[in-house]
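To keep things clear, I will list the structure first and then write my remarks on it.
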Amino acid sequence: MAEPVPLPSELAALHHELGIPADYGARRGLPLQADAEAGALVTVARKADGTSVQLIAPAAKAWADLHQAAAHEGIVLTAVSGHRSVSRQADLIRRKLAVGQSIAAILAVMAAPGFSEHHTGRALDVGTPDYPDLEEAFADSPAFAWLNRRAADFGFRLSFPKDNPRGFIFEPWHWFWTE
Ligand SMILES: [Zn+2]
């Protein structure tokens, strides 16, 4: 169990607004994640809807190397989602609440604002042409098998494996880079 983290007041107010339990971070064993500076982010992919997928520069370099190594072995990987700000995370949760999802259900698939690895610009959701959407079946793909075998060589690890102690669903697509 992590020590309770006193939230910065802005984040505490946001959590209160969204109905997130005050002991969320401590109960889930999740550390606060700092939002990357906009100037530190580089674009690794552009999506059909015109938005871009961004990571901090060293993570982007590691992703480029990983992507190329996979391609050499015939594995096509796509960058689906990268940096996400605290306010964007809050907006996504508001949208789910607005269509009637419970905060408990939302927090099984998304981190509370301030706690998402995506804030750091080091987390990347990965797909492959057969599995462009983030879905558990991606775990059955050759792309996932390749990532399991090789991603660590490039500094990426799977954050939320099956039955993870953080209370998230299995996320075979979510990879986190560290130096
Ligand atoms: Zn993710």
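The values are calculated or read from the model by the stated rules, or taken from the named source; none is laboratory data. Small disclaimer: the values here were computed from a predicted structure and weren't measured. Heads up, the Cβs are rebuilt from the backbone with ideal geometry, glycines too, and the neighbour counts pull from every protein chain shown. Surface accessibility is based on the protein's heavy atoms, side chains included, excluding ligands, DNA and RNA. Shrake-Rupley method; radii C 1.70, N 1.55, O 1.52, S 1.80 Å.
Scanning the stretch 115-154 for residues that are among the aliphatic types (A, V, I, L, M) and in contact (Cβ under 8 Å) with a residue 12 or more places away in the chain yields 123, 124, 126, 134, 139, 143, 147, 151.
Would you point out the residue of the stretch 153-179, among those that are out of contact with any Phe, Trp or Tyr (no Cβ under 7 Å at 6 or more places or on another chain) and closer than 15 Å to residue 67 by Cβ, that is surrounded by the most Cβ atoms within 10 Å (Cβ to Cβ)? Selected residue: 154. The residue that is modelled with the highest pLDDT, among those in the stretch 132-152 that are within 14 Å of the ligand (Cβ to nearest atom) and outside any helix (DSSP H, G or I), is 135. Of the residues examined, residue 111 is one that is among the hydrophobic types (A, V, I, L, M, F, W, C), buried (at least 20 other Cβ atoms within 10 Å of the Cβ) and within 14 Å of the ligand (Cβ to nearest atom). Of all residues assigned to the stretch 78-92, at least one qualifies as being within 18 Å of the chain's Cα centre (by Cα), among the hydrophobic types (A, V, I, L, M, F, W, C) and farther than 25 Å from residue 9 by Cα.
If we keep just the residues of the stretch 22-43 that are farther than 18 Å from residue 179 by Cα and of a type in the set (A, V, I, L, M, F, W, C), which is surrounded by the most Cβ atoms within 10 Å (Cβ to Cβ)? Out of the qualifying residues, it is 30. Just one of (1) open to solvent by 50 Å² or more (accessible area, probe 1.4 Å); (2) on the phi < 0 side of the Ramachandran plot; (3) more than 12 Å from the ligand (Cβ to nearest atom); (4) modelled with pLDDT of 95 or more fails for residue 100. It is (2). Would the stretch 119-128 turn up any residue that is open to solvent by 60 Å² or more (accessible area, probe 1.4 Å) and part of a helix (DSSP H, G or I)? No - not one qualifying residue is present in the stretch 119-128. For the stretch 160-179, a residue qualifies if it is under 10 Å from the mean Cα position of the chain (by Cα) and more than 12 Å from the ligand (Cβ to nearest atom), but none of them does. The requirement of being within 19 Å of residue 33 (Cβ to Cβ), exposed (fewer than 13 other Cβ atoms within 10 Å of the Cβ) and in contact with a strand residue (DSSP E or B) (Cβ under 8 Å, 6 or more places away or on another chain) is fulfilled nowhere in the stretch 136-147; no residue meets it. Residues that are farther than 23 Å from residue 128 by Cα number at least 1 in the following helices (runs of 4 or more DSSP H) confined to the stretch 1-97: 9-18, 24-28. Exactly one residue out of 53, 80, 86 is within 14 Å of the ligand (Cβ to nearest atom), more than 13 Å from residue 174 (Cβ to Cβ) and in contact (Cβ under 8 Å) with a residue 60 or more places away in the chain, and it is 53. Kindly evaluate residue 84 against the criterion of being among the charged types (D, E, K, R) and buried (at least 16 other Cβ atoms within 10 Å of the Cβ). So residue 84 fits the description; yes.
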